[in-house]
Amino acid sequence: MDKSQKNLMYLFELPYDSISLPRSGGKIHFDVENDVSRPPVVATRLGGGIPVETMPVPDRGDVPLQNLGTATTVPLGSPFSFFIKTHRQAAKDLCDVFMKTKNAEDLLQVAARVHGHVNETLYIYALSFVILRKKELRNSRLPSIIEVFPGKFILQEKLMEAQLEINRSDPNESTPIVVEHGLEFAGTQLKPEHRLSYWREDYGINAHHWHWHLVYPIDMDVNRDRKGELFYYMHQQMIARYDMERLCLGLPRVQKLENWRAPIDDGYFSKLTVNNSGRAWGTRQDDTKMQDFQRNDFGLDFTEVTDLEIWRSRILDAIHQGFMIDSQGERVILSDDVTSGKRGIDILGDVLESDSNISVNSRYYGDLHNMGHVLLAFSHDPDFAHKEEMAVMGDTATAMRDPVFYRWHKFVDDTFQEYKLMQKPYTEEQLNLSGVKIERVGVVRNNEADVLHTGWNTRLFEASRGLDFNGRSVMVRLTHLDHEPFNYHLQVNNSGKGAKDVTVRAFLAPKLNARGQEMSFMEQRILWAEMDKFTVSLKPGSNHIVRSSKDSSITNTEELTFRDLENVDPESPAAAAFNFCGCGWPQHMLLPRGRPEGMAFQLFFMLTDYAQDKVTQRTTQGCANGVSFCGIQDAKYPDTRPMGFPFDRRPPRQLLGRDVNIAADYARLDNAYIHDISIKFLADKLN
Ligand code: CUO
């Protein structure tokens, strides 16, 4: 990573303010030639005893704003939605301009000139998109979206608290202001749904969701390997985790949003502002109905609830018929048992999400999932009568805060499950791996076996990187769920004569349902959350495998703050090898919260033959954190089996000559194992 790559990160600071405003606490200054928007405060903010690095941005004739296509049509200071087709086009147009730049320095100059002329979220999106995809920027890293857009993560009242303290304090005071953002979140405990606020409003899961959609975008000419299938799987797993958390709190599993004509019980008031000018996100009252979308402020065709219903019924028809009809009128068979081409689930994912460039027939099957987000995001002002902004369902960085997100995605997932249940159950041969036997498993935390601990923890972010507080540093201390790290231990016997490479698949699910009963295979099937997936080489005889929870295949390294990035020497080998992509479920949310008295969970392990699972890659480069949810950069998804295997299908009627009724029946196979553990929620702060 060279200096210019590192300097790109300063374009992520203060997205709502002039590019000429000093960054990094006054240490960095973009000197934009002929910048009409240069604010008068710049001169007074520069210097102040610290050396200032000036980045000259020449007035270049090659970036006239008229060449930005539709990118300038999204108003500044308003929400931007990737679920809205015209906004996706705007993003595509801006990304195309940025993609044409020659190198980091060139991108820095072009992007610095565009800054302030396009919508802020669109700008950050396009910059992130390009940095993730341009080969020469391979080692650049993105600062955490929480610091770029604190307003999307932290309630307005908290940000105002900091501003008021600054207003009251001595203007020469320079110590940072620290604001606490605790567990009260956006609602009271009166409504059962608010008991989950700490989960839905967690910074990490929302940052993950933003990042995931950045890595797997739609309508952007990005056709990554198994994109449609991963859309299904990653969201299915988020619902599984949400359901687990609900069961921990004694709440029933989430209900799908099925009847789009009926009022939606739970409203949502995010208390977030779009920027620090005080423009608020839209809200939804309890018992609001989904409404026909009739706004004229997005250049989007009007879309009725009826349109969604028609698309749904066409998609369900296709699922039950076993084929779709493409735009030429030809049949496209939907099946997961394919030896070449796309799996049915992948085709269906592209249709349902949908990506209009990849969908087999987007005119016929429509834009169901995206428009669901849109209709829900505007149900409070569907015809713009009140000139209200979009609600949080419209932005990938905020949508997971709203309870209706899970209800909508439960519907989406149910549609996928409808398809998955049409697939033939795996045969004994597909599930089995002869010669390999799991003899014992366990989890160990601090020398204690099979009892895991969760509790609260805190993390500091610098809000003043994204929002200007008159040049003063403002930190927010966010409280979040966390757990004590642990190790999995597996005792495995390989009865073969040679070494055997196997894939270890680990899942977690609650043992009991909301009624306190043990679950049937089918009731528990889509509650299993992937915990890890990794490859080991088994030597002949006995093998003891130890794996740290920190190495999980679904999680990301922690969010990188501006300060983390500033402290990395760009020339060091460590910086080059650094895994920058930043996608993945947050490590601190790997475990569900459990209960104070301990809650029964089951771990399920299955070993499969790596020789069959393996994918031949042309490249071994590219970041691969959170690989099960995010894939590998510029490479194929590294597991040939359908995502979610073996729980993605109904079970065979019998296994080893006996009926299959519960998940433990799979553990009859030597290569599988089921193990009870307890998760204890400690109300204290973890160390
Ligand atoms: Cu991620 Cu609907 O796809 O929010």
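The values are calculated or read from the model by the stated rules, or taken from the named source; none is laboratory data. The structure displayed is predicted, hence computed values, not measured ones. Virtual Cβ from ideal backbone geometry, glycine too; neighbours counted across all protein chains shown. For accessibility, only protein heavy atoms count, side chains too; no ligands or nucleic acids. Shrake-Rupley method; radii C 1.70, N 1.55, O 1.52, S 1.80 Å.
Would you say Ile358 is touching a Gly at 6+ places or on another chain (Cβ under 8 Å) and in contact (Cβ under 8 Å) with a residue 24 or more places away in the chain? Yes.
Annotation: of all residues in the range 566-599 being in a helix (DSSP H, G or I) and open to solvent by 10 Å² or more (accessible area, probe 1.4 Å), the one that is modelled with the highest pLDDT is Gln587. As a summary of the residue check, Asn671 satisfies the conditions (1) open to solvent by less than 20 Å² (accessible area, probe 1.4 Å); (2) out of contact with any Leu (no Cβ under 7 Å at 6 or more places or on another chain) except for the one numbered (2).
Candidates in the range 8-25 are the residues that are of a type in the set (Gly, Ala, Ser) and within 14 Å of Glu566 (Cα to Cα); of these, the one that is farthest from the chain's Cα centre (by Cα) is Gly25.
So that you can scan it fast, the table gives a plain yes or no per residue for (1) within 30 Å of His194 (Cα to Cα); (2) in contact with a strand residue (DSSP E or B) (Cβ under 9 Å, 6 or more places away or on another chain); (3) open to solvent by less than 30 Å² (accessible area, probe 1.4 Å):
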| residue | (1), (2), (3) |
| --- | --- |
| Lys289 | yes, yes, no |
| Gln294 | no, yes, no |
| His320 | no, no, no |
| Ile325 | no, yes, no |
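Considering each of Lys437, Lys420, Lys410 in turn, give the residue that is away from the ligand (no atom under 16 Å from the Cβ), at pLDDT 95 or above and open to solvent by 20 Å² or more (accessible area, probe 1.4 Å).
Details: Lys420 fails: open to solvent by 20 Å² or more (accessible area, probe 1.4 Å); Lys410 fails: away from the ligand (no atom under 16 Å from the Cβ).
From the options Lys437, Lys420, Lys410, the qualifying one is Lys437.
If you go through the range 222-238 one residue at a time, do you hit one that is modelled with pLDDT under 95 and not charged (D, E, K, R)? Yes, that holds for at least one residue.
Can you find even one residue in the range 387-404 that is at positive phi and at pLDDT 95 or above? Give the derivation first.
Step one: filter the range 387-404 for residues at positive phi, giving 387.
Now drop any that are not at pLDDT 95 or above, which leaves none.
No, the range 387-404 contains no residue that is at positive phi and at pLDDT 95 or above.
Here Asp307 does not fit the description of being away from the ligand (no atom under 16 Å from the Cβ) and farther than 30 Å from Glu193 by Cα.
With respect to (1) assigned to a helix (DSSP H, G or I); (2) within 30 Å of Arg547 (Cβ to Cβ), the lone exception for Tyr419 is condition (2). In the range 273-307, of all residues being assigned to a loop (DSSP other than H, G, I, E, B) and among the β-branched types (Val, Ile, Thr), the one that is nearest to Leu376 (Cα to Cα) corresponds to Thr283.
The sole residue among Ala391, Ala399 that is within 24 Å of Val351 (Cα to Cα) and either β-branched (Val, Ile, Thr) or within 16 Å of the ligand (Cβ to nearest atom) (or both) is Ala399. If the condition is being out of contact with any strand residue (DSSP E or B) (no Cβ under 9 Å at 6 or more places or on another chain), in a loop (DSSP other than H, G, I, E, B) and not β-branched (Val, Ile, Thr), then the range 200-228 contributes Glu201, Tyr216, Pro217, Asp219, Met220, Asp221, Asn223, Arg224, Asp225, Arg226.
So for the range 139-159 (the condition being more than 24 Å from the chain's Cα centre (by Cα) and crowded, with 18+ Cβ neighbours inside 10 Å), does at least one residue qualify? Yes, because at least one residue in the range 139-159 is more than 24 Å from the chain's Cα centre (by Cα) and crowded, with 18+ Cβ neighbours inside 10 Å.
Looking at Arg246, is it over 11 Å from Met400 (Cβ atoms), among the basic types (Lys, Arg) and assigned to a helix (DSSP H, G or I)? Full working, then the answer.
Details: over 11 Å from Met400 (Cβ atoms): yes; among the basic types (Lys, Arg): yes; assigned to a helix (DSSP H, G or I): yes.
Criteria met by Arg246.
Exactly one residue among Arg224, Arg253 is more than 16 Å from the ligand (Cβ to nearest atom) and either open to solvent by 10 Å² or more (accessible area, probe 1.4 Å) or hydrophobic (A, V, I, L, M, F, W, C) (or both), and that residue is Arg253.
Among the residues of the range 347-367, what is the count of those that are within 16 Å of the ligand (Cβ to nearest atom), among the aliphatic types (A, V, I, L, M) and crowded, with 23+ Cβ neighbours inside 10 Å? Residues in the range 347-367 being within 16 Å of the ligand (Cβ to nearest atom), among the aliphatic types (A, V, I, L, M) and crowded, with 23+ Cβ neighbours inside 10 Å: 3 in total.
Within the range 128-136, is there a residue that is in contact (Cβ under 8 Å) with a residue 12 or more places away in the chain, within 29 Å of Val57 (Cβ to Cβ) and over 22 Å from the mean Cα position of the chain (by Cα)?
Of all residues in the range 128-136, those in contact (Cβ under 8 Å) with a residue 12 or more places away in the chain come to 128-134, 136.
Filter again for within 29 Å of Val57 (Cβ to Cβ), leaving 128-134, 136.
Next cut, over 22 Å from the mean Cα position of the chain (by Cα) only: 136.
Yes, that holds for at least one residue.
Taking (1) in contact with a Ser or Thr (Cβ under 9 Å, 6 or more places away or on another chain); (2) surrounded by 17 or more Cβ atoms within 10 Å (Cβ to Cβ) in turn, Phe98 satisfies each apart from (1).
Residue check: is Ala280 modelled with pLDDT under 95, aliphatic (A, V, I, L, M) and either under 29 Å from Ser359 (Cβ atoms) or open to solvent by 10 Å² or more (accessible area, probe 1.4 Å) (or both)?
yes
Taking the condition of being within 22 Å of Ile345 (Cβ to Cβ) and either away from the ligand (no atom under 14 Å from the Cβ) or among the polar types (S, T, N, Q) (or both), how many residues in the range 230-250 meet it? Let's see the steps before the verdict.
From the range 230-250, those within 22 Å of Ile345 (Cβ to Cβ) are 230-243; that's our starting set.
If we keep only those that are either away from the ligand (no atom under 14 Å from the Cβ) or among the polar types (S, T, N, Q) (or both) as well, we get 236-237, 240, 243.
Qualifying residue count, the range 230-250: 4.
Being of a type in the set (Ser, Thr, Tyr) and open to solvent by less than 60 Å² (accessible area, probe 1.4 Å) is a condition met by at least one residue of the range 199-217. Does any residue of the range 374-381 turn out to be near the ligand (Cβ under 10 Å from one of its atoms) and charged (D, E, K, R)? Taking every residue of the range 374-381 in turn, none turns out to be near the ligand (Cβ under 10 Å from one of its atoms) and charged (D, E, K, R).
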